[in-house]
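J.: Take a look at the following structure, please.
The values are calculated or read from the model by the stated rules, or taken from the named source; none is laboratory data. Just so it is clear, the structure is predicted and the values come from calculations on it, not from any experiment. Positions of Cβ are generated from backbone atoms using ideal geometry, with glycine treated the same way; all protein chains shown enter the neighbour counts. Heads up: the accessible areas ignore ligands, DNA and RNA and are worked out on the full protein's heavy atoms, side chains in. Shrake-Rupley method; radii C 1.70, N 1.55, O 1.52, S 1.80 Å.
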Amino acid sequence: MKKTLFIVLVLLFQNAFSKPITETQKLAMTCKVWGFLKYYHPNVADGSKNWDEQLFQVLPKVEEAQTAEAYSLVIENWIISLGEVKAYKIATPASKKIYFDKNFDLSWFSKNDLFSKSLSKKLKFIEENRIQGQQFYYTSEPYIKVQNEIKYPDFKWSDKNLRLLALFRYWNQIEYFFPYKYKMDENWDAVLIEMLPKFVKSESEMDFVLAMREISIKLDDTHSSTSTFKLYDYFGDKFVSFDVAFIDNKAVVVKFKNDSLSKNDDVRIGDVITKVDGKTVEDLLNEKLKYVEGSNRPAILKNIYWTVFNGKTESIEIEFSRENKVSNKTIKRYKYQNLKIQFPDKEKWKLLENNIGYIDVESINENELPAVMEQFKNTTAIIYDVRHYPQEPNIEEALAAYLYPENKAYAKFIDADLTYPGRYVWREDQKTGKTNPDYYKGKVIILENEYTQSHGEHLVMCLQATPNAAIIGSQTAGADGGVCQYEIIKGYNTIFTGFGIFYPNKKETQRIGIVPDIEVKPTILGIQQGRDEVLDRAILFAKNEK
């Protein structure tokens, strides 16, 4: 009886292991194995093999495998062909690394239905005896820099192998080198399963273009996107002459790219656009979301403008309201170079009423700070406007010299561990300032919004750590840290956040952004009245701390 039961169990196991598998299952796991070997196998990660060509050679064998058992054998034989992996003992490091491992998970070696125990053991052995020398495909400075990838200057979208190569490259670069993978809305493995059919079955070049764009948007990272000139074939290469803010699912005109062009169409600040070419703005927003980068909703709405208003035609029909009257009109669109965008001069700093200083950190130069801070040293408050990108690379240190009473930590980083791809290591706290009994004693008020991104968010963190600091405004872009930028394959450039930035207590900023102490958002009425409601609120706070 026991013998019969054992035979039945064996047969059931064999049947389960030999069940048919789908093309998507096979390709997804091949993508993961290919990427793992690329960065871990000593005879691959050293660049001694043409790893792209190896993929092209194994894909037909993968396609032929109809069962998990057959697939597992294909992959195992492939690994054997790569040569011996020698066991070694990892030397004890001089200083202990403190790991950040929310991104790291190689449990798929054993937790899937496609691998035999023998294959799982081989992969685990490679992990434990991974390459210890120089990596061929990436370096760090300190964030990841992709290198030595073949560009394929004659790349054609119709080549299925090259489409898969583009996907496999991108997916694995994010799998091992995107510090905020754990913060994404979708599981990265699930994204691979979802996107694979779009790459496999692309029926036109535009299908491929949009798939390349869409997968990069799934990072939920304001830094992250994939760009190609071919996107203009879909969204159009002609622009309207004004900028908008999206408030309550309506597009509100907030400034002009070119005053005279906007005047020709009688477009005015505060016009509320509700339809574009017969479609509601709300519907257009929902339709375009999957192609627009952003760590959070405000950041997406900041970046979505061109997908809503761009097109191939010379003009568009809009429905808009002005002074409580709804109207329709035709307005012109222009090639970008024909917009002749105007950048009005801005005041770098000024003394406001009630002895309040104001500094625009986007435009001020570091060498101008000594005179400005001397002028403002006896003010009751200084308002630092960080609603645009700071141009000075060392503005944090320059300001901290006046605002910090002592050397102090204000941020903490994680860097990719080059010896263990996928793992991250905590860096020492980032500190600035020095012992300074004459530091500025007034209120430090920081203005921020969705345009406060990356270096801007880093600056806000620095200013936030000063005594008597308060942040006024709205959620920032939620993407701090240097960027990794490279060409995935000829004509397709991508970018994403390259290392992680946290508060010294390890509190996260990615996607969340820098949370204001007092939330203030522009309103449609305020825009129409020409008021800067965020600055107005800051001045009120400077007067009475309320």
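J.: May I ask you to give the solvent-accessible area per residue for the range 503-543, in square angstrom, as obtained with a 1.4 angstrom probe?
T.: 55
J.: If you find the alpha carbon centre of the range 532-546 and of the range 220-275, how far apart are they in angstrom?
T.: Rounded to whole Å, the Cα centres lie 30 Å apart.
J.: Turning to a different aspect of this structure: In deg cm²/dmol and to the nearest 500, what is the mean residue ellipticity at 222 nm of the chain if only DSSP H runs of at least 4 residues count, each as -39500 (n - 2.57), divided by the residue total?
T.: -10500 deg cm²/dmol
J.: Can you tell me how the range 269-314 classifies by the Cα gyration tensor, rounded, prolate or oblate, using a/c under 1.5 as the rounded cut?
T.: Judged from the Cα gyration tensor, the range 269-314 comes out prolate (a/c at least 1.5, a/b above b/c).
J.: Roughly how many Å is it from the Cα centre of the range 381-446 to that of the range 132-167, as a whole number?
T.: Measuring centre to centre over Cα atoms gives 34 Å.
J.: Going by the alpha-carbon gyration tensor, a ≥ b ≥ c the square roots of its eigenvalues, is the range 388-436 rounded (a/c under 1.5) or, if a/c is not under 1.5, prolate (a/b greater than b/c) versus oblate?
T.: oblate
J.: I've got another one for you. Suppose we flag GluC sites (Glu not before Pro) only when DSSP calls them loop and at most 16 other Cβ atoms lie within 10 Å. Which is the longest uninterrupted stretch of the chain?
T.: By the stated rule (loop sites, at most 16 other Cβ atoms within 10 Å), 429-544.
J.: Filter the trypsin sites (Lys or Arg not before Pro) in the range 61-98 to those in DSSP coil with at most 13 other Cβ atoms within 10 Å of their Cβ, and list the result.
T.: Loop-located and lightly packed - 86, 89, 96, 97.
J.: Could you work out the relative contact order of the chain, using alpha carbon pairs under 8 angstrom and six or more residues apart, expressed as a whole percent?
T.: Worked out over the chain, it gives 14 percent.
J.: Then there's this: Which of the pairs 431/543; 26/198; 257/325; 145/290; 38/122; 32/117 have their Cα atoms more than 19 Å apart in this structure?
T.: 431/543; 257/325; 145/290
J.: Share of the chain's accessible area from carbon and sulfur, percent, 1.4 Å?
T.: Of all accessible area on the chain, carbon and sulfur atoms account for 51 percent.
J.: Which shape class applies to the range 102-141: rounded if a/c is under 1.5, otherwise prolate when a/b exceeds b/c and oblate if not, where a ≥ b ≥ c are the square roots of the Cα gyration tensor eigenvalues?
T.: Verdict is prolate for the range 102-141.
J.: Just need log10 I(q)/I(0) for the chain at q = 0.07, 0.09 Å⁻¹, Debye formula, equal scatterers on the alpha-carbon atoms, no solvent, rounded to two decimals.
T.: Per q value, in the given order, log10 I(q)/I(0) is -0.51, -0.80.
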